[in-house]
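Written out below as structure tokens is the structure these notes cover.
The values are calculated or read from the model by the stated rules, or taken from the named source; none is laboratory data. Predicted model, so just to flag it, every value in this text is computed and none were measured. Cβ: placed from backbone, ideal geometry, glycine included. Neighbour counts: every protein chain shown. These accessible areas exclude ligands, DNA and RNA; they are computed on the full protein's heavy atoms, side chains included. Shrake-Rupley method; radii C 1.70, N 1.55, O 1.52, S 1.80 Å.
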Amino acid sequence: MRKSFFILLALSVLMMSGCQYDDSKYQATKQNIQYHYFEAIDSHAVFLQELQFVPSDQLLPFVQGYTMRNKHNDLYADVEVIAYEQLNQKLSPEMITTIQEVNNTLDRLISSLYSYLSQEGNDISKTTISDFTNLGVQIAHSDQSNLTLYNLLVYPEHIQKNYADSDISLFLLELKELLRKMHDNLII
């Protein structure tokens, strides 16, 4: 009888310890979701920077392949709220709104690039390719202290330590305007 009691007690302790909620694991998971969700920005940056190395006769298939690959990105749409929830704790609501607009415009720009190249007779100048490459540098992963879109999204605390909020806001507004101009040039 006594042996049964100790076995039941040991099982109860094991079961209760397994049922405890560990908030630190949940927070780590949320940070991983934020990181993985915003990896799309770095993917865009690599794509934009690689355009300079693609021969002009291979540009359309290259862009088409990347565009087709990105059609599956909406599979992450359900975790967007969690990714931005983490940012909401660190950045102002105005910055978050601008970041979302920048991300949407970046997606539209890449889609418009494919549409533009798909039209008969459309080609892209070396200057425009250079503009895309420079855009890629502004949004790419780099040293965590450098102000890029990716770093702001994934390492906001590092960026805020090195830049004033006014500098970050200005960077975002200038990036948004650059994206808009590049997009408008492709659809005109």
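Loop only by DSSP, 16 or fewer other Cβ within 10 Å of the Cβ. Give me the trypsin sites (Lys or Arg not before Pro) in region 90-127 that pass, ordered by residue number.
Values: sites: K90, R108, K126; in loops: K90.
Counting only loop positions with at most 16 other Cβ atoms within 10 Å, the trypsin sites (Lys or Arg not before Pro) in region 90-127 are K90.
Shape verdict for region 43-188, please, from the Cα gyration tensor: rounded (a/c under 1.5), prolate (a/b greater than b/c) or oblate. All intermediate terms of the calculation are to be shown ahead of the outcome.
Values: a/c = 2.08, a/b = 1.72, b/c = 1.21.
Note, shape of region 43-188 comes out prolate.
Using the Cβ atoms and a cut-off under 13 Å, what net charge is assigned to the surroundings of Q58, where Lys and Arg are +1 and Asp and Glu are -1? Working shown, then result.
Numbers: positive: none; negative: E50, D57, D123.
With Lys, Arg at +1 and Asp, Glu at -1, the net is -3.
For region 47-89, just list the percent of Cα-Cα distances falling in each 10 Å bin from zero outward, please.
In order of increasing distance, the bins hold 24, 32, 25, 17, 2 percent.
Kindly sort H44, H183 by accessible area of their heavy atoms, largest first, with the probe set to 1.4 Å.
Working: H44 5, H183 30 Å².
Of H44, H183, the descending order of accessible area is H183, H44.
Find the Rg to Rh ratio for region 62-112, where Rh is the Kirkwood radius over alpha-carbon pairs and Rg uses the same atoms.
Result: Rg/Rh = 1.06.
If a/c stays under 1.5 just call it rounded; otherwise compare a/b with b/c (prolate if a/b is bigger, oblate if not). Do that for region 137-179, with a ≥ b ≥ c from the square roots of the Cα gyration tensor eigenvalues. Don't skip to the end; give the middle numbers.
Details: a/c = 2.33, a/b = 1.24, b/c = 1.88.
Since a/c reaches 1.5 but b/c is at least a/b, the shape of region 137-179 is classed as oblate.
Relative contact order of region 59-153: what whole-number percent is it, with Cα pairs under 8 angstrom and at least 6 residues apart? Before the final figure, lay out each step's value.
On the way: 34 pairs, mean separation 21.5, N = 95.
Dividing the mean separation by the residue count of region 59-153 yields 23 percent.
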